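Everything on this sheet refers to the single structure shown next.
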Amino acid sequence: MMNVKKILCLMIASLCISGCSAQKTEEPSEDKITVTMLYTSDLPNVEKLVETTYTDIDLQIERNAQGTIDGEVERRLRNGHGSDIVTSTLAAGDVLDYLADLSADEYISAYQSGIMHKTASGGKNFFIPLPAQYYGYIYNVTLAEENGLTVPATQDELLAVLEKAKEGHIGADENGSVFSVDGTPAITATFTIATQIPDFFGLSEGIRWLDDLKNGSASFSGSLETCLDLPLEMIEKGYMDSLPFSAASNAVPIFDKMSSREMLMAFDSVTMLDNIRKNSDDEFDMLPMFSGEGNPAWTVSTPTAFLGINKELTKEGGEDRLDACRKIFELLSTPEGQDAFMMDKGAAYSYLVDYTPSSDIVPDGIKACIEDGYNYNISMSNDFMRYFGNRCNSVLCGQTDIESAFSEIDEYMQGGDDQNETLIGMIDHDMIVENYNVRLEETEIGNLISDAVREITGADIAVVNGGSIRGSLYKGDVYSYDLDYVCPYQNHIILLEVNAEVIRSMLSNGLSTMVRDIEIPGGRFLNVSGLKYSFTPPDGDSPAQLVDVTLPDGSPLDENAAYTIAVTNYMAGSSGYLDNNGDGFTMLNVYSDDVPKAENVKLVRETEYTLSNILEEYIVSHNAEEIVSQIEGRITSVNENE
């Protein structure tokens with residue numbers, strides 16, 4: 001076993017201290033060079049380090065609402081909207097066509113040769129790797145000890161602990177669940193693969209299978225169906241809820257549930273563990289992945305991301321920003337740079353040569369695995385992980401069977417599920433989703449989508465929650481796969497009959513989370529067609545407030561009239577309102593039994609339309625004309641004194 005473990009090509013070894021030195025702080029420059037970067041969250045420590053070390057550089061990080069960033073990053077680059085520093089979770093694919101060659105840059109030598117060789121293409125380096133993230137079972141030690149639960153050391157013991165917790169309602173939520181996975185495709189994929197590491201991927205059999213898979217001589221069908229055994233058993237026995245695995249449901253709020261003792265265990269990252277620890281008086285730890293066959297336990301890690309430099313900066317006029325990007329990469333390739341990123345993201349593993357982190361954030365429960373070399377680095381492509389996770393989700397929520405799902409996965413691996421490149425129409429100008437604008441204000445793309453919903457359904461009014469709009473539309477040809485990035489969710493459009501009071505209540509709820517945790521606005525902000533409304537912006541702890549609502553011509557709503565509104569069934573309670581599903585639109589509830597049914601609301605018609613295919617039909621139907629959408633004062637922010 002140890003020999004196999006040592007030669008495992010996808011395993012990350014333990015790391016030590018870096019020999020790279022920090023950069024010298026430069027003198028302030030009169031004009032700052034702005035460098036842009038698209039990422040999933042703020043990086044305050046990285047920004048501070050860069051801007052104090054290089055006082056002539058202004059690093060601006062745009063937060064992206066996508067669950068995964070790769071598809072939208074590539075679309076932006078292809079359409080001339082790429083950021084200066086390009087972030088990818090996969091160091092391969094079409095994104096390489098838009099990146100500068102970093103092979104001659106000295107900081108490349110600061111990283112382990114194995115990871116650089118693995119991410120190279122055609123003998124050239126286009127990326128530097130950011131630190132990796134550990135995953136495992138987050139466990140409330142205090143809650144377990146208070147109730148006489150022992151720390152599991154095998155898979156059977158894990159299931160026994162969950163059984164006792166469920167029986168005693170220890171660390172259980174309103175559904176009786178005591179264990180959670182958040183349900184996003186990437187995390188589902190990581191979890192299901194991780195369950196197989198001790199008994200398959202970490203053994204010689206799994207290594208051979210991966211090699212055969214790359215050569216096209218192996219398949220998922222007949223080999224990996226067992227990766228769903230553990231989660232299916234957890235669902236069957238009621239330890240875990242199946243709802244979060246539905247495409248129409250929100251991810252489980254792991255942080256909230258674990259912090260409030262509404263969940264005993266969850267599969268998630270060291271970052272999540274660190275956040276929970278900071279917001280709870282209980283003691284928490286992380287446990288590794290257990291064997292069901294008597295093999296040693298393993299921990300699992302995945303690269304946080306890879307960074308490249310936009311190739312456009314190598315052209316005339318981009319010299320200053322190119323130089324600034326290289327300085328940032330050089331700084332990130334030092335212990336100080338790695339420490340800053342680790343503090344921002346809770347990552348726990350650096351690819352620098354001879355690096356020791358400034359603080360020890362590796363949980364006690366997985367230290368032994370890491371010290372003994374039982375750590376497996378999942379390095380499958382992000383696109384594959386997303387597809388694989390989607391298919392696993394469909395099995396776990398009961399929408400399909402294992403055989404069908406794994407047959408589809410094999411077709412995908414063989415190139416049978418290429419992007420749908422059907423040309424459906426043209427857009428006259430760019431309509432950009434950036435910095436969560438569709439959750440904060442009127443936007444051209446929000447107007448376009450809500451207009452499409454109103455026209456196709458024939459409703460008086462259409463509303464589209466900002467959280468359902470995740471990608472931009474770019475000038476020129478629009479293909480079917482573009483719309484899957486713009487509106488990726490599979491909720492269906494329905495028509496309701498409501499009165500003016502319900503409309504005002506609905507709009508007020510849409511304004512209630514414009515400021516949320518870590519200042520990321522919630523997704524319930526409403527883009528509208530057939531209405532105009534104004535609001536006062538959030539002020540400190542006070543949420544935004546609805547000021548006025550009118551029809552498009554400025555006339556007031558008729559208090560005695562009945563209006564048909566087009567909304568998603570998600571807003572009307574099709575997934576319930578627990579765990580933030582339905583975004584709090586209980587005033588529209590016609591489906592859920594979690595809360596009382598809405599008053600003055602009548603279900604008029606259900607449709608099979610999703611936002612994606614309703615937008616497609618709208619664009620196709622307008623092919624004879626140029627599709628134009630613009631800001632026209634549908635939604636306005638006003639001062640209280642105006």
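Here, each number is a calculation from the coordinates, and none is a lab measurement. Small disclaimer: the values here were computed from a predicted structure and weren't measured. So basically every Cβ, Gly included, is an ideal-geometry build from the backbone, and we count neighbours across all protein chains shown.
A few notes on this one:
- Placing a label point 7 Å from the Cα of His429 along the Cα-to-Cβ direction, the residues of the range 448-475 with a backbone N closer than 15 Å are 448, 473-475.
- Computed from phi, the 3J(HN,Hα) profile of the range 179-193 under the Karplus parametrisation 6.51, -1.76, 1.60 (θ = phi - 60°) reads 9, 9, 10, 5, x, 5, x, 5, 6, 4, 4, 4, 5, 5, 5 Hz, with x in place of Gly and Pro.
- Electrostatic dipole magnitude of the chain [Cβ: Lys, Arg +1; Asp, Glu -1; Cα centre; debye, to 20]: 860
- Each peptide in 308-319, 540-551 receives the mean, over its residues, of other Cβ atoms within 10 Å, and ordering these scores from highest gives 308-319, 540-551.
- Chain lengthening between Val595 and Ser121 when straightened (0.36 nm per residue, less Cα-Cα): 165.2 nm
- Taking a straight line from the alpha carbon of Lys118, these aspartates and glutamates sit under 15 Å away, with near neighbours fewer than eight places off in the same chain left out: Asp211.
- Under 11 Å, Cβ to Cβ, from Tyr107 - net charge with Lys/Arg +1 and Asp/Glu -1: -1
- Inter-label distance, nm, simple model (7 Å from Cα along the C-beta direction), Ile520/Val151: 3.1
- Entry note, the range 238-317: relative contact order of 14 percent, from Cα contacts under 8 Å with a spacing of 6+ residues.
- Burial ranking of peptide ranges 485-492, 106-113 (average Cβ count within 10 Å, highest at the top): 485-492, 106-113
- Between Glu559 and Asn279, the contour length at 0.36 nm per residue exceeds the Cα-Cα span by 96.2 nm.
- Average Cα contact separation per residue, the range 423-637, under 8 Å, 6 or more apart, as relative contact order %: 30
- Compactness of the range 423-637 was expressed as the Cα radius of gyration divided by 2.2 N^0.38 Å, which yields 0.96.
- Bridging of Lys48 to lysines at a Cα separation below 19 Å is possible for Lys24, Lys32, Lys327, Lys345, once same-chain residues fewer than 8 apart are set aside.
- Note on Asp256 and Glu167: with the Förster distance fixed at 30 Å, the Cβ-Cβ geometry gives a FRET efficiency of about 0.80.
- In percent, rounded to a whole number, the relative contact order of the range 220-363 is 15, using alpha-carbon pairs under 8 Å and six or more apart.
- Between the range 595-618 and the range 530-591, the alpha-carbon center distance in angstrom: 14
- Working from label points 7 Å from Cα in the Cα-to-Cβ sense, the Asp539 to Thr142 distance is 3.8 nm.
- For the range 423-637, DSSP calls about 80 percent of its internal beta bridges antiparallel.
- Label-point separation in nm, Ser404 to Thr636, each point 7 Å along Cα→Cβ: 5.1
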